[in-house]
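Participant: Let me begin by handing over the structure; questions about it come next.
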Amino acid sequence: MKIKRLLTLVLSAALPVFVFAGGETGGDVLKVDAGNRASGMAGAYTAAGAGVESIFYNPAGMSSLLKTQFVYSHLFSYASMAVEQISFGKYVDTPLIEGTAGLSILYRHMPAISNADAKDAPVEFYDFVLAGVFANDMYSLIRDEFYKNLTFGINAKLIFENIGIYKATTYAADLGIKYAFPGSGFALGAAILNAGAPIKIISESAPLPLTARIGARYQFDFDADNHLDLALDYIHDFYDYPRAAFGIEDKLIDMLYLRLGINAPFDSRSAAFAAAGFGVKITQFEVDVTLNYTYKPVFINGFNVIESTHSAGMTVDLP
């Protein structure tokens, strides 16, 4: 009966996957693979996500954070594009509220575009997302033992775009759930992302990239010093073709993290990409600092072109 309740919740969250609408979207910064652990696993992070990096994949993953955590990452992309992410999360336990709360800023920018043969001023382009999240287990709402392993997360986002003298702002929300099967390394997750009003810049209005995600994760514990995470995601942007992502992370002696992943569309027109990365954790005075790096080649179909991106950053966990 409890498994039926879980399946009902997952299917309810994933129902929009079966609805497809074609068209162009705005707010493309919402499609950026944020975070080094998540991008190293090629975005297979719906069920594998933990801590503040899960904010843009499945906010329910924030519920695993019982400390204070800071994350910074810098993405070196192609076409001189760069993306910065700064995130913060903290477990809160007060008489009024109990759970995990966090904030994240995702900022994408590039050098100003100028034309030496024109009198127009250089055109600046940048956009950003400001996100606030809250996550907890469902047991806080429903006093049943089953719900201690079922978590939820809610994310509110402000999206801003700037192209030269033109500016646009809109709002969106995310909702996610995650269930960790007790006594096993298996977990399921589902999320609906970017549900919000269209964004209008100059005279054109476009919907946000409303996306449904369903994912599974299994952790193999080879021994006390070797833990392997396998993650598989189905990702459906309602205005695009669906994608599948598969990621692996091997954690060795709780100090070295090795990551691999591949993310591919179900059509032949969109770009596929692989990812590889690593992390090294240093512990001093009960503070954990993890330095991360991810390399991601993007295969652009139809042009026989491979573009490369690099991402580096760090995660700081305070006691």
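The values are calculated or read from the model by the stated rules, or taken from the named source; none is laboratory data. In this text, all values refer to a predicted model and were calculated from it rather than measured experimentally. Quick reminder, even Gly has a Cβ in these numbers, built from the backbone with ideal geometry, and neighbours come from all protein chains shown. These accessible areas exclude ligands, DNA and RNA; they are computed on the full protein's heavy atoms, side chains included. Shrake-Rupley method; radii C 1.70, N 1.55, O 1.52, S 1.80 Å.
Participant: Do any strands (runs of 3 or more DSSP E) lying entirely in the range 155-258 carry at least 3 residues that are surrounded by 15 or more Cβ atoms within 10 Å (Cβ to Cβ) and either touching a residue at least 12 places away in the same chain (Cβ under 8 Å) or polar (S, T, N, Q) (or both), and which ones are they? Give the steps one after another, and end with the answer.
Facilitator: Details: elements: 166-180, 186-196, 199-201, 204-206, 211-223, 226-237, 243-252.
Because the criterion is at least 3 residues that are surrounded by 15 or more Cβ atoms within 10 Å (Cβ to Cβ) and either touching a residue at least 12 places away in the same chain (Cβ under 8 Å) or polar (S, T, N, Q) (or both), the strands (runs of 3 or more DSSP E) in the range 155-258 that meet it are 166-180, 186-196, 199-201, 211-223, 226-237, 243-252.
Participant: Looking at S311, is it open to solvent by less than 30 Å² (accessible area, probe 1.4 Å), at pLDDT below 95 and within 29 Å of Y91 (Cβ to Cβ)?
Facilitator: Numbers: open to solvent by less than 30 Å² (accessible area, probe 1.4 Å): yes; at pLDDT below 95: yes; within 29 Å of Y91 (Cβ to Cβ): yes.
Yes: the conditions hold for S311.
Participant: With the requirement that a residue be touching a Leu at 6+ places or on another chain (Cβ under 8 Å) and modelled with pLDDT of 95 or more, what does the range 223-250 give you?
Facilitator: Step one: list which residues in the range 223-250 are touching a Leu at 6+ places or on another chain (Cβ under 8 Å), which gives 225-226, 237-239, 244-250.
The answer is A244, A245, F246, G247, I248, E249, D250.
Participant: Got at least one residue in the range 83-98 being small (G, A, S) and in contact with a helix residue (DSSP H, G or I) (Cβ under 9 Å, 6 or more places away or on another chain)?
Facilitator: Yes - at least one qualifying residue is present in the range 83-98.
Participant: Which of the residues that make up the range 63-72 are modelled with pLDDT of 95 or more and touching a helix residue (DSSP H, G or I) at 6+ places or on another chain (Cβ under 7 Å)?
Facilitator: Residues satisfying the conditions are Q69, V71.
Participant: Moving to a separate point now. When you go through (1) touching a residue at least 24 places away in the same chain (Cβ under 8 Å); (2) out of contact with any His (no Cβ under 7 Å at 6 or more places or on another chain); (3) open to solvent by 40 Å² or more (accessible area, probe 1.4 Å) one by one for D317, which number turns out not to apply?
Facilitator: It is condition (3) that D317 fails.
Participant: Considering only the range 40-64, state which residues are of a type outside the set (D, E, K, R) and open to solvent by 10 Å² or more (accessible area, probe 1.4 Å).
Facilitator: Of the range 40-64, the ones of a type outside the set (D, E, K, R) are 40-52, 54-64.
Across the range 40-64, the qualifying residues are A50, F56, S63, S64.
Participant: Being assigned to a strand (DSSP E or B) and either out of contact with any strand residue (DSSP E or B) (no Cβ under 6 Å at 6 or more places or on another chain) or crowded, with 17+ Cβ neighbours inside 10 Å (or both) is the filter here, so list the residues in the range 277-286 that pass it.
Facilitator: Here is the first cut: in the range 277-286, the residues assigned to a strand (DSSP E or B) are 277-284.
Across the range 277-286, the qualifying residues are G277, F278, G279, K281, T283, Q284.
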